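The values are calculated or read from the model by the stated rules, or taken from the named source; none is laboratory data. Keep in mind that this is a model prediction, so the values were computed, not measured. Please note: Cβ atoms are built from the backbone with ideal geometry, for glycine as well, and neighbour counts cover all protein chains shown. Just so you know, the surface numbers come from the protein's heavy atoms only, side chains and all, with ligands and any DNA or RNA stripped out. Shrake-Rupley method; radii C 1.70, N 1.55, O 1.52, S 1.80 Å.
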Amino acid sequence: MNYRVAFLSPVSFFKGGAERSLFDLMANPHVDPLLVVPAEGPVSEQAASRGIPVEVVDFGQVAAIRRPVRPSSVGAAFGDWFGAARKLMAVTKRHGADIVHSNGLKAHCIAGLARKLGGEACVFHVRDIAVRGSERLIWKGLARSSDHTVLVSRACWPGEMLPGNVSVVFNGVKQDGAAQPLQSVQAPSAAALQAPRAHAPLVVGICGRIHPFKGHHVAIDWLGAARRRGIDITLLVRGEAEAEDRPYLESLKRQAEALGLADSVRFEGRFEGLAAIYNGLDAVLVPSETPDPLPRSVMEAMSMGLPVVGYPAGGIVEMIDHRENGWLAGDAEAFCAAMEEISSLGPMLVELQKSAARTVAERFGMERMHRQVNQVYSTVLGR
């Protein structure tokens with residue numbers, strides 16, 4: 001018997017990797033999914049195109065709550081919080097859902113309240129790291145109010161020991177890219193990575209949402225250090241900034257110009273599909289100085305056969321084994337060293353690709369994720 005799961009999304013648009021992972025969860029062959037969104041939009045349209053039923057539950061003022069969470073914003077949303085919880089209960093009852101699986105802090109709050117009011121069992125999927133003391137308290141409160149809490153990495157839990165109803169389940173990626181890394185994208189060939197490369201720059205990409213937490217400003221500083229060291233690199237920034245983050249995007253452009261890197265940094269906007277996102281790159285950089293829970297760009301780069309360099313913080317250290325399936329770089333010196341190694345990989349690129357493919361298969365396989373989530377559902381429902 002399949003699990004009938006109502007997936008509760010806090011947004012109606014594709015904000016980042018969380019929404020892509022939500023669709024990976026709904027693709028579980030042992031799940032009959034229902035998508036619940038706060039409004040119609042790209043997420044509901046994508047679900048409908050896949051034959052997934054969709055319901056809308058208006059979050060009201062709950063949708064306006066932002067991190068860091070302020071008591072005033074919670075107070076303003078109090079009435080709407082209860083209203084949304086009751087509407088969620090009605091929707092899940094109408095569809096006969098067994099479980100509510102929520103996908104973000106605002107969704108967790110609504111699902112948790114619905115559970116307290118007599119609603120269906122709830123599973124919280126935590127995809128953020130608590131960086132403030134108040135957030136650490138909220139995270140622990142979430143675990144107490146859910147039937148089970150799933151973390152995308154160990155870094156997401158603000159304590160030494162995981163409670164019994166909290167477990168780590170890495171996100172998954174499709175492994176067809178890992179099996180054939182050079183067919184779906186123009187990944188670098190061994191010949192292309194042989195030194196010297198004076199005739200052409202090393203092309204490095206940052207792929208994903210443009211946000212201060214993602215460390216684009218760190219990458220530009222590192223690029224300046226690399227150029228001063230004589231390493232020829234072009235940095236391609238692929239992704240968009242939300243309206244509230246556009247000042248950050250503009251600051252990055254000013255930073256590049258001030259460092260004399262305007263011709264070496266290209267802001268290319270949003271790309272659709274892995275082949276397009278990673279096309280033409282020699283390596284992928286994930287410079288998330290602020291701890292990142294489990295950036296998809298790391299596992300996607302590995303699955304596409306591309307060398308990846310990540311900042312040693314958050315969930316990245318659970319993904320990259322330094323100099324085995326990628327590189328960890330916490331400063332400009334380490335970044336330059338990684339770039340020099342990547343530029344001279346030559347035939348060793350094949351060994352790196354094999355190691356990355358093994359990592360994807362063992363840690364980030366889609367079937368593994370589905371199997372572990374099914375175990376959570378089975379435990380919650382007592383099956």
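Rolling a 1.4 Å probe over the protein heavy atoms leaves residue 122 with an accessible area of roughly 0 Å². Relative to its Kirkwood radius, the Cα radius of gyration of segment 214-357 gives an Rg/Rh of 0.94. Take 27-35, 261-269 and order them by the average number of nearby Cβ atoms within 10 Å per residue, most first; the result is 27-35, 261-269. In segment 61-179, the alpha-carbon atoms span a convex hull of 135 Å³ per residue. Here the alpha carbons of segment 332-371 define both size measures, Rg and Dmax, at 14.2, 41 Å. Of the three principal axes defined by the Cα atoms of segment 254-306, the extents in descending order read 35, 27, 19 Å.
Heavy-atom accessible area for residue 67, with the other protein chains in place and a 1.4 Å probe, reaches approximately 90 Å².
Pop out the carbon and sulfur fraction of the accessible area of segment 205-248 as a percent, whole number, probe 1.4 Å.
On the way: 880 of 1800 Å².
Taking all protein chains in place, segment 205-248 shows 49 percent carbon and sulfur surface.
Return the Rg/Rh value of segment 1-139, two decimal places, where both radii are evaluated on C-alpha atoms and Rh is the Kirkwood radius. Can you show the working numbers first?
Details: Rg = 14.3 Å, Rh = 15.1 Å.
My calculation of the ratio gives 0.95.
Counting only DSSP beta bridges with both residues in the chain, what percent are antiparallel, rounded to the nearest 5? Write out the running numbers ahead of the final one.
On the way: 0 of 43 bridges.
Of all bridge pairs located within the chain, approximately 0 percent are antiparallel.
Springs between Cα atoms under 10 Å define the GNM used for the chain, and in it the highest mean-square fluctuation of 225, 258, 283 occurs at 258. Which of the residue pairs 106/174; 93/174; 87/174; 174/214; 253/354; 140/253 have a Cα-Cα distance greater than 31 Å in the structure shown? Violating the 31 Å limit, Cα to Cα: 93/174; 87/174; 253/354; 140/253.
Averaged per residue, segment 19-158 has 42 square angstrom of accessible surface, using a 1.4 angstrom probe with ligands and nucleic acids left out. Computed from phi, the 3J(HN,Hα) profile of segment 3-14 under the Karplus parametrisation 6.51, -1.76, 1.60 (θ = phi - 60°) reads 7, 8, 10, 9, 8, 9, 9, x, 9, 9, 10, 8 Hz, with x in place of Gly and Pro. Heavy-atom surface analysis with a 1.4 Å probe gives segment 8-104 a carbon and sulfur content of 56 percent of its accessible area.
Hey, can you rank 158-164, 297-303 by average C-beta count inside 10 Å, highest first?
Details: 158-164: 10.7, 297-303: 27.6.
Ranking the peptides 158-164, 297-303 by packing returns 297-303, 158-164.
For the chain, the relative contact order is 16 percent, taking Cα pairs closer than 8 Å that sit 6 or more residues apart in sequence and dividing their mean separation by the residue count. Heavy-atom accessible area for residue 327, with the other protein chains in place and a 1.4 Å probe, reaches approximately 10 Å². Sorted largest first by accessible area at a 1.4 angstrom probe radius, with every protein chain in place, the residues 277, 316 fall in the order 277, 316.
Viscosity 0.692 mPa s, temperature 37 °C: give me the Stokes-Einstein translational D for the chain in µm²/s, with Rh taken as the Kirkwood radius over C-alpha pairs.
Working: Rh = 21.7 Å.
In µm²/s, the coefficient rounds to 151.
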